[in-house]
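J.: Once you've had a glance at the structure underneath, I'll fire off some questions.
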Amino acid sequence: MGSPLRNWGSGAPRHSLIVQLAEAANCTNCVLSSTRTQVVIGSGEITARVVIVGEAPGRNEDEGGAPFIGRSGQLLFRLLEEELGLVREDCYVTNVVKCRPPNNRTPKRAEIDACRRWWELQRGAMHPEVVLTLGLTATRAVLGVRSAMADLHGRISRIDHLSVVPTYHPAAALRQGPSVVDMMRADFRVARGLLTS
Ligand code: SF4
């Protein structure tokens, strides 16, 4: 998973998108550039039917160069397979902030705003059947709202050409246990209703 270019998917539909996203590998638009190991743009095909958007890379992702490759990712993709019949290769996976915040702290508003350029490039190129946002930071950044997670999860929002279903971050499920896992499963079943097959 070393090369960010490889992680954007060999089938990325537009050469121009690849060229523009290539600039992100050297991005210094916010302070996170000084502490990251590498920029983590995303993994999978940007043409995927399902897009997953998290908060920011953690330690494993910062070292490995792809999103959700640690314990959170293992739980996420187990639940996705059980509830939606999808594997990682069926999804495009990214974060709203592309560099790891020190000690995995929550990204600051200025960092989310600085990184929005890369998310806007990605969202403009994708036409999924559903976007799953994971956790409050990602959900608020994608939807542009300030509501609480309890009011957002499991509800379908339409933003331009995207249908978005927020759910909890798998790291929260690892911390808090079965009650959060059950809510994620229920939210995934809402997303399943948006899939064509
Ligand atoms: S987090 Fe985003 S804006 Fe900040 S340095 Fe990384 S790629 Fe650039």
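Nothing in this text is a laboratory measurement; each read-out follows from the coordinates by a stated rule. The shown structure was predicted, so the numbers you read here are calculated from the model rather than taken from an experiment. In this analysis, Cβ positions are derived from the backbone assuming ideal geometry, glycine residues included, and neighbour counts consider all displayed protein chains.
J.: Positive end of the charge dipole of the chain (Lys, Arg +1 and Asp, Glu -1 on Cβ, about the Cα centre): tell me which of Leu195, Ser179, Thr35 has its Cα farthest that way.
T.: Value computed over the given set: Thr35.
J.: Now for a separate question. How do Asp113, Asp182 line up, fewest other C-beta atoms within 10 Å first?
T.: Asp182, Asp113
J.: Order these by the 10 Å Cβ neighbour count, fewest first: Ser157, Ser147, Ser34.
T.: Working: Ser157 17, Ser147 13, Ser34 9.
Listing Ser157, Ser147, Ser34 from fewest to most nearby Cβ atoms yields Ser34, Ser147, Ser157.
J.: 7 Å from Cα along Cα→Cβ at both Ile156 and Arg116: what's the point-to-point distance in nm?
T.: Taking the simple label geometry, Ile156 and Arg116 are separated by 2.7 nm.
J.: Please state the shape class of region 4-192: rounded when a/c is under 1.5, otherwise prolate if a/b exceeds b/c and oblate if not, all from the C-alpha gyration tensor. Each step should come with its number before you reach the end.
T.: On the way: a/c = 1.45, a/b = 1.26, b/c = 1.15.
Rounded, since a/c falls under 1.5.
J.: Would you mind working out the magnitude of the charge dipole of region 4-192 relative to its Cα centre, with +1 at each Lys and Arg C-beta and -1 at each Asp and Glu C-beta, to the nearest 20 Debye?
T.: Working: 24 positive and 19 negative charges, 81 e Å.
Computed charge dipole of region 4-192: roughly 380 debye.
J.: Which one of Leu121, Met149, Ser72 has its Cα pushed farthest toward the positive end of the charge dipole of region 4-192, where Lys and Arg give +1 and Asp and Glu give -1 at the Cβ?
T.: Among Leu121, Met149, Ser72, the one farthest towards the positive end of the dipole of region 4-192 is Met149.
J.: Between Lys108 and Thr28, how high is the FRET efficiency from 1/(1 + (r/R0)^6) when r is the Cβ-Cβ distance and R₀ = 22 Å? Nearest 0.05.
T.: Values: r = 16 Å, r/R0 = 0.73.
It comes out at approximately 0.85.
J.: If you don't mind, another one. Taking a ≥ b ≥ c as the square roots of the eigenvalues of the Cα gyration tensor of region 93-197, is the shape rounded (a/c under 1.5), prolate (a/b larger than b/c) or oblate?
T.: On the way: a/c = 1.85, a/b = 1.09, b/c = 1.69.
Oblate shape, in that a/c is at least 1.5 and b/c is the bigger or equal ratio.
J.: For each of Cys99, Cys91, count neighbouring Cβ atoms within 10 Å of the residue's Cβ, then give the residues from fewest to most. Before the final figure, lay out the partial values.
T.: Details: Cys99 28, Cys91 23.
In order of increasing Cβ crowding within 10 Å: Cys91, Cys99.
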